[in-house]
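Only one structure is covered here, and it is reproduced in the block below.
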Amino acid sequence: MGSPQEWQIACRDIASRRRDMTVFVSQGHVVVTVPPGEAAVLTPLEVGRLRAALRDAVVNASGTD
């Protein structure tokens, strides 16, 4: 993981190669990046991690704890 305002979630692309999605906060907005030009394929556990990262990013973006 990067800074407290950046979360990485492991995933795979459509060809089953390991990739990462990144969730971060920029100027009060939540930004999600996925593998360039690819679809992110997530297991149920990875979806849970994405959900947690999005929740944490929203809390950070809103400035509340």
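Tabulated results
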{"read-out": "Unique match (being of a type in the set (Lys, Arg), open to solvent by 60 Å² or more (accessible area, probe 1.4 Å) and in contact (Cβ under 8 Å) with a residue 12 or more places away in the chain) among ARG55, ARG19", "value": "ARG19"}
{"read-out": "Long-range neighbours under 7 Å by Cβ, at least six apart or interchain, first residue under 16 Å from VAL23 (Cα atoms) within segment 38-49, second aromatic (Phe, Trp, Tyr) and open to solvent by less than 50 Å² (accessible area, probe 1.4 Å)", "value": "none"}
{"read-out": "Residue in segment 37-50 that is modelled with pLDDT of 90 or more, among the polar types (S, T, N, Q), out of contact with any strand residue (DSSP E or B) (no Cβ under 7 Å at 6 or more places or on another chain) and open to solvent by less than 80 Å² (accessible area, probe 1.4 Å) present", "value": "yes"}
{"read-out": "Evaluation of MET1 against (1) modelled with pLDDT of 90 or more; (2) assigned to a loop (DSSP other than H, G, I, E, B); (3) under 12 Å from the mean Cα position of the chain (by Cα) (one fails), failing number", "value": "(1)"}
{"read-out": "Residues satisfying the stated conditions in segment 13-65, i.e. basic (Lys, Arg) and either more than 13 Å from the chain's Cα centre (by Cα) or not in a strand (DSSP E or B) (or both)", "value": "ARG17, ARG18, ARG49, ARG51, ARG55"}
{"read-out": "Residue ID - least open to solvent (accessible area, probe 1.4 Å), chosen from residues in segment 22-36 that are hydrophobic (A, V, I, L, M, F, W, C) and in contact with a helix residue (DSSP H, G or I) (Cβ under 9 Å, 6 or more places away or on another chain)", "value": "VAL23"}
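The values are calculated or read from the model by the stated rules, or taken from the named source; none is laboratory data. Bear in mind the structure is a predicted one, so any value in this text is a computation, not a measurement. Counting neighbours? That spans all protein chains shown, and the Cβs are built from the backbone with ideal geometry, glycine included. Side chains are part of the model used for accessible areas, which takes the heavy atoms of the whole protein and leaves out ligands, DNA and RNA. Shrake-Rupley method; radii C 1.70, N 1.55, O 1.52, S 1.80 Å.
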